[in-house]
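Working notes, beginning with the structure itself.
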Amino acid sequence: MFDSLSFAESLPPRFINWFMPVWLTGAGVLLGIVLLAVLGGVCFVLSRVPAVGRLAECPQRRRVAMAILAVLFFAGAIGSLWGSELLSGSGQDLLTQVGVIAGLCWFTALSSVYLVSRRAMGDLLPALREGVLFPISVIALCLATVGIIGVLLVREPGNMLASLIDLPYAGQQTPVVAKIPAPTEGDELAEPEAVEVPFTVHIDKVQQLTLESDQRLVLSFTPPEVKQGYYAINVSRDEPYIWLPGSSVNSPMVSVDTLYVRNYSEQAATLTIKMTTKPMHPEVRAILIAAIGVVVLFSLYFVQRAAAPRLSAVALATVKSEMNQPLYLIMLALGVFAMVAFIFFPYHTFGEDIKVLKDSGLKLIMVMAIISAVWAASSSVADEIEGRTALTVLSKPIGRRSFIIGKFVGINWTTVLMFVVLGLVLMAAVAYKPIYDAREASQDPDEVATWQVCYTEMASTVPGLVLAFLATVVLTGISVAISTRLPLMANFVICFAIYVLGHLTPTIVQSSLGRFEVVRFVGQLIATVLPNLELLNSEAAIAADKTIPASYLGLAFAYCMIYTVVSILLSLLLFEDRDVA
């Protein structure tokens, strides 16, 4: 039904190749909005129940409910992830992964308690119309529109949506075991009779197929009497047959419902079929990732607003103030212009231009976000202390802790908006870069730069954006701590020095090994006190064309949270006895 509505055949192929990765992102945002609407409806219904809707207002009952939910979520997460790739390793790595899961379960329990409160439901629409959530909502609606209209423009939209349905069922399937009887007694020269084994397989959905037997068997995917397309597969005790997509030019694999097996041994045989499946288009994972990102981003804002209203008031005022700053708007405009211009710059890297584009774009976004964060920290903390504005704020029922943490949260929300805008532009630019490079190399972009290639390049940019954002959060925490005591220029100089030393930390530690004790002590001291920003750098992965795994992102998130908490505690300590009068 969907395929008949597509107009992709009447559009230029290079436009479709670029548009399909963008459409996957838009479809994911659309799914995220739908999930948010469903989640909001469920929370609204639960908030009408008096015992649930007023649970957040009673501290003792709230703590008990959060503890019970956190334990249940943690037990369910460990039970479902145990033995999988997301929970692997041993020793310290496993402990860190369990700690990250425990933190996420606690946040989920916190969200479950506060999002079902009547106060949260009452503040839902005002939150969407003010602060940073309004421009993010506009961007999300634009992408959702792309997701809807894109069904008419992409190739095979029906297969794409079917792949999304098949995604949860992909992976290692239950092995099929079949008993193949021994040949009947008779003429030794006669061919054994073919035994039909029911087995459904779709060639486009097979990632690996393994056939094992304890006797010599000959298999085919077509009946032996059909000579056209007949291809025999030999399976013996010591030589199992393993098929991988693209491993053979004359592939015996076809989409069938039956295997035809002949037993050439004198005994009954046992045939074991092991299959690992994949969706027809594995790229649809981008839809789920984008949907989860939308749900987490909006839920985080709503939970913050419901759980910490005073902190959120300070954060909202900070967001409004910094978003109206000319520097912030100029950086957004320059960033968008630079991302588009990077596509057409000649890098002279002998075919590696796209790697330079990724690295340059990520570094530019991170540097712009850090400059904006340092400027915002100085103008909203240091300048307000010197201008006695902080005294007016603290004279209201807002404590020093809410003031500092609110400033930190507000600055990070402005950073989130910058990463969303510039990150989306960078992803679109990276998706178009293979098409542009193929055209510049006098190649056919329609054949060289397929939409799968464009998607792969675009998807590899997302982990780099996550790591760059985490590095920005770390430096924002440090900048807020410095702003409690020092003005703008000192803040810039110190943050710049920390940025440089943070990227040189591994080199400093390595160069100090085997040297003088003083040199080694200084190197270890720098590595301990200053953040190791090289851990949050994706340059090596981009240069090696490697994918950053989700487990590494989880460990980087844990490192960022630990260092951020330390920075905030230092900020509170420095601001506690600061004279604001």
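The values are calculated or read from the model by the stated rules, or taken from the named source; none is laboratory data. Just so you know, these numbers come straight off a predicted model, no measurement behind them. Reconstructed Cβ throughout: ideal geometry from the backbone, glycine too, with neighbour counts over all protein chains shown.
Got a sec? Which of Val52, Val29 is surrounded by 12 or more Cβ atoms within 10 Å (Cβ to Cβ), in contact (Cβ under 8 Å) with a residue 40 or more places away in the chain and over 31 Å from the mean Cα position of the chain (by Cα)?
So the residue among Val52, Val29 that is surrounded by 12 or more Cβ atoms within 10 Å (Cβ to Cβ), in contact (Cβ under 8 Å) with a residue 40 or more places away in the chain and over 31 Å from the mean Cα position of the chain (by Cα) is Val52.
Given the condition surrounded by fewer than 20 Cβ atoms within 10 Å (Cβ to Cβ) and of a type in the set (Lys, Arg), answer yes or no: does some residue in the range 371-391 qualify?
Looking for residues that are surrounded by fewer than 20 Cβ atoms within 10 Å (Cβ to Cβ) and of a type in the set (Lys, Arg), one finds at least one in the range 371-391, hence yes.
For (1) in contact (Cβ under 8 Å) with a residue 40 or more places away in the chain; (2) among the β-branched types (Val, Ile, Thr); (3) assigned by TED's automatic domain parsing to the domain that holds Leu572, each residue gets a yes or a no:
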site: Ile405; (1), (2), (3): yes, yes, yes
site: Thr414; (1), (2), (3): yes, yes, yes
site: Leu417; (1), (2), (3): yes, no, yes
site: Gly423; (1), (2), (3): yes, no, yes
site: Tyr436; (1), (2), (3): yes, no, yes
site: Ser442; (1), (2), (3): no, no, yes
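Output yes when any residue across the range 276-284 is of a type in the set (Val, Ile, Thr), closer than 30 Å to Ala373 by Cβ and in a helix (DSSP H, G or I), and no when none is.
No: zero hits.
Can you name the condition, by its number, that Thr450 falls short on among (1) in contact with a Lys or Arg (Cβ under 8 Å, 6 or more places away or on another chain); (2) modelled with pLDDT under 90; (3) among the polar types (S, T, N, Q)?
(1)
Being under 27 Å from Gln452 (Cβ atoms), small (Gly, Ala, Ser) and not in a loop (DSSP other than H, G, I, E, B) is true for just one of Ala306, Ala291. Which residue is that?
Working: Ala306 fails: under 27 Å from Gln452 (Cβ atoms).
Ala291 is the lone residue from the list that is under 27 Å from Gln452 (Cβ atoms), small (Gly, Ala, Ser) and not in a loop (DSSP other than H, G, I, E, B).
Within the range 479-491, can you find the residues that are over 18 Å from Met418 (Cβ atoms) and in a helix (DSSP H, G or I)?
Once the filter is applied, which keeps residues that are over 18 Å from Met418 (Cβ atoms) and in a helix (DSSP H, G or I), the range 479-491 yields Ala481, Ile482, Ser483, Leu488, Met489, Ala490, Asn491.
Condition first: more than 17 Å from Leu316 (Cα to Cα), modelled with pLDDT under 85 and of a type outside the set (Val, Ile, Thr). Now tell me which residues in the range 364-392 satisfy that.
Those that are more than 17 Å from Leu316 (Cα to Cα), modelled with pLDDT under 85 and of a type outside the set (Val, Ile, Thr): Ala382, Asp383, Glu386, Gly387, Arg388, Leu391.
Regarding Arg155, is this residue modelled with pLDDT under 80 and basic (Lys, Arg)?
For Arg155, the condition - modelled with pLDDT under 80 and basic (Lys, Arg) - is met.
From Tyr328, Tyr347, which residue is part of a loop (DSSP other than H, G, I, E, B) and farther than 30 Å from Met66 by Cα?
Tyr347
Out of Thr174, Thr184, Thr145, I need the residue that is of a type in the set (Ser, Thr, Tyr) and at pLDDT below 80. Which one?
Values: Thr174 fails: at pLDDT below 80; Thr145 fails: at pLDDT below 80.
Exactly one of Thr174, Thr184, Thr145 is of a type in the set (Ser, Thr, Tyr) and at pLDDT below 80, namely Thr184.
Of all residues in the range 287-298, which are surrounded by fewer than 19 Cβ atoms within 10 Å (Cβ to Cβ) and not β-branched (Val, Ile, Thr)?
Selection gives Leu288, Gly293, Leu297.
From the list Ile354, Ile398, Ile365, which one is out of contact with any Phe, Trp or Tyr (no Cβ under 7 Å at 6 or more places or on another chain), aliphatic (A, V, I, L, M) and assigned to a helix (DSSP H, G or I)?
Ile354
Residue under question is Gly83, and the condition is that it be at pLDDT below 80 and among the small types (Gly, Ala, Ser); does it hold? I'd like the intermediate steps shown before the answer.
Values: at pLDDT below 80: yes; among the small types (Gly, Ala, Ser): yes.
Judged against the criteria, Gly83 is a match.
What number of residues within the range 129-151 are surrounded by fewer than 13 Cβ atoms within 10 Å (Cβ to Cβ) and more than 20 Å from Leu35 (Cα to Cα)?
Residues meeting the conditions: 1.
For residues in the range 203-213 being at pLDDT 85 or above and over 14 Å from Gln173 (Cβ atoms), which is surrounded by the fewest Cβ atoms within 10 Å (Cβ to Cβ)?
Glu212
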